[in-house]
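Comments concern the structure below.
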Amino acid sequence: MSELLYKQECSQLVGLCMEIHRELGKGHDEVIYKDALVVELSRANIPFSRERKYEVTYKGVILPHHYFADFVVWDKIIFEAKALEKLTDSHVKQVLNYLAASKLRLGLLVNFGADSLEWKRVIL
């Protein structure tokens, strides 16, 4: 069996998210969890950018609308935060589209809205 892509980094991110979920619980708006993640990433000295813009090209034309990834961490992981009752396939497809636009390989989809933290690794 091959090693998971960015296993250590992903594990560290999930740990930070568990701390956020433990502290805040469920029921907040998504932006609150994102703000808390900024605090945790900053305290851990993890490099990140928030709301990174990605252009979408169609037949050689850059379209006027863009994707905005919630976070890009270590310049290699797309992090998409949700605050929902449950993740669905459409959320996974959203991350796959972000990965295709960004040319990155791994996305971490995290849902803070459930009773327990829910997360999925999404690989392009």
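Per-structure values
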item	result
Verdict on V95 being among the β-branched types (V, I, T), more than 17 Å from E30 (Cα to Cα) and within 13 Å of the chain's Cα centre (by Cα)	no
Single residue of V39, V56, V14 found to be touching a residue at least 12 places away in the same chain (Cβ under 8 Å), in a helix (DSSP H, G or I) and among the aliphatic types (A, V, I, L, M)	V14
Qualifying position, being assigned to a strand (DSSP E or B) and either within 21 Å of P47 (Cα to Cα) or among the acidic types (D, E) (or both), among V95, V110	V110
Residues of the stretch 1-35 satisfying the condition of being over 14 Å from W119 (Cα atoms), out of contact with any Cys (no Cβ under 9 Å at 6 or more places or on another chain) and among the aliphatic types (A, V, I, L, M)	M1, L5, L24, V31, I32
Within the stretch 50-73, tally of residues that are closer than 16 Å to L108 by Cα, among the hydrophobic types (A, V, I, L, M, F, W, C) and surrounded by fewer than 16 Cβ atoms within 10 Å (Cβ to Cβ)	1
Out of L109, L104, L96, sole residue that is under 25 Å from E3 (Cα atoms), touching an Asp or Glu at 6+ places or on another chain (Cβ under 6 Å), modelled with pLDDT of 95 or more and not acidic (D, E)	L109
Criterion (closer than 22 Å to H21 by Cβ, part of a strand (DSSP E or B) and touching a residue at least 40 places away in the same chain (Cβ under 8 Å)) met by exactly one of F71, F79	F79
Filter result (loosely packed, with under 12 Cβ neighbours inside 10 Å and either touching a helix residue (DSSP H, G or I) at 6+ places or on another chain (Cβ under 7 Å) or in a loop (DSSP other than H, G, I, E, B) (or both)) within the stretch 17-36	G25, G27, D29
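The values are calculated or read from the model by the stated rules, or taken from the named source; none is laboratory data. Computed from a prediction, not measured in an experiment: that's the story for all the values here. Here Cβ is always computed from backbone atoms with ideal geometry, including for glycine, and neighbour counts include all displayed protein chains.
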